[in-house]
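Taking it in order: structure first as structure tokens, then the write-up.
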Amino acid sequence: MFFQPDSTTSSKSLNLKIRMSVDTTTEKLIEKIKNKSHQLDPTTQSNYTNFKVNNTQLTLNVSFDSKTISGSVKYDLTNKTGNNELTLDTKALIIKKVSVNDSEISFKLSNSHSIYGSSLHIPIPKDSSLKVEIEFETTDKCTAIQFIQGDTGPYVFSQCQAIHARSLFPCFDTPGVKSPYKFIGKSPAKVTMSGRPQPSTEQNTYHFNQPIPIPSYLVSITSGYLQKAPIGPRSDVYCEEPNLKKCQWEFEQDMENFLQIAESLVFDYEWERFDSLVLPSSFPYGGMEIPNMTQLTPTLICGDRTQVTVMAHELAHSWSGNLVTNCSWEHFWLNEGWTVYLERRIVGAIGAQEARNSGKSDEEAIKIGEQLRHFEIIGGWSALVDTCETFDSQFTKLVWDLDGKDPDDAFSRIPYEKGFFLLFQLENKLGGVKDFDPFIKYYFKKFRYQSLNTAQFIETLYEFYEPKGKKSILDNINWDKELFESGLPEKPVLDTTLADQVYSYGDKWVEFIKNNDNYDNIPFTQEDIKSFKGEQDMLFIEYLVEKFKSQKVSSELIQKFPSIYPKYANSQNGEILSPWNELLIINGNYKSNDKIVQDFSKWLGKTGRMKYARPGYKVLKNGISLKFAIEQFNKHKDFYHPICKSMIEKDLGLI
Ligand code: BES
Ligand code: ZN
């Protein structure tokens with residue numbers, strides 16, 4: 001069977017167990033799947049398979065003056081194979097000093113690979129137990145951190161996923177290696193890191209403990225003038241003072257409820273506390289599942305709690321991703337597909353809970369919850385269709401080949417949605433939620449604290465369902481297509497109740513436009529949509545955007561839209577603002593100095609969340625001109641995070 005290069009798996013006992021419970025045809029299938037992807041992570045240059053990391057102590061010193069982080073990392077290692085060299089990943093990092101078992105030694109840094117950086121070569125004795133300490137400092141080419149001016153003082157935050165940790169500290173930069181950590185952060189401003197805070201007596205020094213083994217991409221540091229407020233019995237939200245109350249309001253109603261629902265779906269939350277941190281607006285993602293301190297974009301704080309699902313998503317990562325981890329970024333769907341699956345189960349459960357609270361019977365409540373879940377799934381399917389049509393087809397496969405490639409370039413909705421739809425298909429074929437739920441618990445228990453690949457996932461499905469007489473269901477799945485082919489999977493049957501309300505209203509618009517060219521009497525008002533829930537508003541706008549791609553619509557009519565739907569025109573919610581401006585600017589024949597265009601461009605200049613910023617510049621490019629889009633980008637580019645900046649540069653053909 002297969003060897004999983006993972007520091008925490010006892011592969012012998014695991015393989016033995018597996019061999020006993022699956023038959024030979026299954027074994028062949030698993031072998032085939034296993035051989036279709038790399039055995040080792042191609043995006044690390046480290047020799048990680050030779051070592052087990054028993055403990056890591058990482059000390060980081062923040063200097064706001066030099067905008068650098070210096071520090072030291074101490075590895076307590078087992079040299080499993082008697083190797084005489086330790087090779088670690090670094091990128092744009094200064095290595096100051098290396099000691100092995102307390103003696104300083106000389107080391108070598110290789111030439112830098114443009115994506116993977118320079119490998120650090122450290123000679124070691126062949127002893128089985130080793131202590132390695134490295135002193136280092138970041139440079140201005142570090143892609144993992146951004147220094148900015150916060151609302152109340154200087155601020156720095158890191159973002160290491162997928163392979164940016166190597167530009168913050170020398171490490172085995174692969175999700176296939178995990179270690180427990182002790183973190184020490186030193187800074188004039190408050191520090192948070194990826195663990196549980198510990199008491200400290202030294203000034204400007206913050207201690208954290210992470211007893212659960214975690215991979216390098218979950219290592220994080222933030223420092224700034226942060227305050228906190230409770231949003232649940234085991235949860236605080238952190239941010240700078242001016243937004244604290246608003247952040248608290250946004251999440252306090254749902255936080256503990258999400259936690260309890262997730263616990264009943266999988267098993268008890270193991271990380272003790274679930275705190276989160278709302279970052280400044282240049283944070284490039286919606287959220288990032290840092291253990292004990294989830295990072296969130298401030299665009300979630302929209303005053304209507306419509307974006308709390310992002311919190312549910314990051315919380316779900318506490319099981320999928322943080323306890324059970326993809327062993328390389330080629331299997332990223334195992335992290336994100338599972339997380340979207342759990343997120344949507346949480347959303348469905350909340351829907352059912354609300355229905356129950358408003359007096360509905362249990363049966364009705366479950367149906368309402370499912371309708372809500374299916375509504376979210378419909379949105380996911382359109383995102384999947386859209387991505388399959390427009391994205392580099394090699395990365396529309398579920399399992400990627402990343403040899404020589406940058407995982408940031410492979411990133412799209414695919415691992416999220418194609419991953420989700422594989423799990424949803426399995427849920428449906430294997431007997432629905434009631435028969436899939438026990439598998440969820442089994443899978444997460446089996447792989448917790450470990451990293452796994454896709455073959456191990458499929459093997460576990462067989463291991464679980466074969467004794468239940470369901471082998472033929474699994475055999476009938478075309479695994480080759482599901483896992484290794486580009487493009488869409490089969491479309492599932494979905495409950496369209498909530499989406500139909502939106503489509504039938506959108507279709508009225510389509511009909512009206514087909515049959516009229518006089519727009520003095522427009523038979524639509526904001527009243528029509530007052531029953532729409534947040535997600536339905538977004539779907540409606542996106543539906544019109546899609547329809548108007550093929551159906552010509554007069555710009556004169558489009559320019560009336562803001563007065564027909566002032567609620568959209570005045571919205572401060574990015575989920576509305578983003579498609580709404582696309583609808584107007586692409587179809588409205590606006591000029592670059594029109595207020596709508598100017599306002600949108602200004603908003604882009606203070607919105608670093610890539611989900612909005614990247615399509616935003618495409619709207620300026622397609623609706624106004626490439627020249628205008630580049631001009632606006634040049635005005636704002638210093639504000640963006642290095643990852644976001646380089647992605648927009650690629651989108652606009654600047655690099
Ligand atoms: N882990 C991801 C963010 C990420 C992915 C960072 C890849 C770097 C590389 C996080 O959990 C995530 O998926 N965020 C989503 C939000 C979500 C609701 C789909 C995002 O940022 O849009
Ligand atoms: Zn995620």
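The values are calculated or read from the model by the stated rules, or taken from the named source; none is laboratory data. Since the structure is predicted, the reported quantities are computational estimates derived from the model, not experimental observations. Ideal geometry is used to build each Cβ from the backbone, glycine not excepted, and the neighbour counts take in all protein chains shown. We work out accessible area using only protein heavy atoms, side chains counted, and drop any ligands, DNA or RNA first. Shrake-Rupley method; radii C 1.70, N 1.55, O 1.52, S 1.80 Å.
Do we find that Gly369 is more than 14 Å from ligand 1 (Cβ to nearest atom) and either in contact (Cβ under 8 Å) with a residue 24 or more places away in the chain or of a type outside the set (A, V, I, L, M, F, W, C) (or both) in this structure? Yes; evaluated as a whole, the condition is true for this residue.
Taking the stretch 276-301 as the region of interest, how many residues are among the hydrophobic types (A, V, I, L, M, F, W, C) and open to solvent by 20 Å² or more (accessible area, probe 1.4 Å)?
Keep residues of the stretch 276-301 that are among the hydrophobic types (A, V, I, L, M, F, W, C), which gives 277-279, 283, 288, 290, 293, 296, 300-301.
Right, trim to open to solvent by 20 Å² or more (accessible area, probe 1.4 Å) and you get 301.
Number satisfying all stated conditions: 1.
So that you can scan it fast, the table gives a plain yes or no per residue for (1) in the same structural domain as Ser412 (by TED's automatic domain parsing); (2) in contact with a Pro (Cβ under 9 Å, 6 or more places away or on another chain); (3) more than 9 Å from ligand 1 (Cβ to nearest atom):
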position: Ser281; (1), (2), (3): no, yes, yes
position: Tyr285; (1), (2), (3): no, no, no
position: Ile290; (1), (2), (3): no, no, yes
position: Met293; (1), (2), (3): no, no, yes
position: Pro298; (1), (2), (3): no, yes, yes
position: Ile301; (1), (2), (3): no, no, yes
position: Asp304; (1), (2), (3): no, no, yes
position: Val310; (1), (2), (3): no, no, no
position: Glu314; (1), (2), (3): no, no, no
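Considering Asp76, Asp89, the condition of being in contact with a Gly (Cβ under 9 Å, 6 or more places away or on another chain), under 30 Å from Thr454 (Cα atoms) and in a strand (DSSP E or B) is satisfied by Asp89 alone.
Note on the stretch 604-615: residues that are farther than 16 Å from Gln307 by Cβ and in a helix (DSSP H, G or I) total 4.
Give the stretch 602-642 a look and list any residue that's among the hydrophobic types (A, V, I, L, M, F, W, C) and under 13 Å from Gly653 (Cβ atoms), or say none.
Leu626, Ala629, Ile630, Phe633 - these are the residues of the stretch 602-642 that are among the hydrophobic types (A, V, I, L, M, F, W, C) and under 13 Å from Gly653 (Cβ atoms).
Just one of the listed residues (Ile576, Ile596) is open to solvent by 40 Å² or more (accessible area, probe 1.4 Å) and either in a loop (DSSP other than H, G, I, E, B) or touching a helix residue (DSSP H, G or I) at 6+ places or on another chain (Cβ under 9 Å) (or both), and it is Ile596.
Among the criteria (1) without any contact (Cβ under 8 Å) to a residue 60 or more places away in the chain; (2) open to solvent by 40 Å² or more (accessible area, probe 1.4 Å); (3) in contact with a helix residue (DSSP H, G or I) (Cβ under 6 Å, 6 or more places away or on another chain); (4) not β-branched (Val, Ile, Thr), the one Ala144 does not fulfil is (2). Restricting attention to the stretch 254-275, report how many residues are part of a loop (DSSP other than H, G, I, E, B), farther than 21 Å from Met288 by Cβ and open to solvent by less than 40 Å² (accessible area, probe 1.4 Å). Selection size over the stretch 254-275: 1.
Can you give me the number of residues within the stretch 476-491 that are open to solvent by less than 80 Å² (accessible area, probe 1.4 Å) and in a loop (DSSP other than H, G, I, E, B)? Number of matching residues: 5.
Checked against (1) away from ligand 2 (no atom under 16 Å from the Cβ); (2) without any contact (Cβ under 8 Å) to a residue 60 or more places away in the chain; (3) among the small types (Gly, Ala, Ser), Ser282 meets all criteria but (2).
Just one of the numbered conditions (1) out of contact with any Ser or Thr (no Cβ under 9 Å at 6 or more places or on another chain); (2) over 12 Å from Gly379 (Cβ atoms); (3) surrounded by 13 or more Cβ atoms within 10 Å (Cβ to Cβ) is not true of Leu494: (2). Figure legend. Inter-residue proximity from the stretch 318-342: first residues outside any helix (DSSP H, G or I), second residues within 11 Å of ligand 2 (Cβ to nearest atom) and of a type in the set (Gly, Ala, Ser), beta-carbon distance below 9 Å, spacing 6+ or different chains. Indicated pairs: Ser320/Gly337.
Mind listing whichever residues of the stretch 328-346 are open to solvent by 10 Å² or more (accessible area, probe 1.4 Å) and either near ligand 2 (Cβ under 10 Å from one of its atoms) or assigned by TED's automatic domain parsing to the domain that holds Asp537 (or both)? It would help to see each step written out before you state the result.
Filtering the stretch 328-346 down to residues open to solvent by 10 Å² or more (accessible area, probe 1.4 Å) leaves 332, 343-345.
Passing the criteria: Phe332, Glu343.
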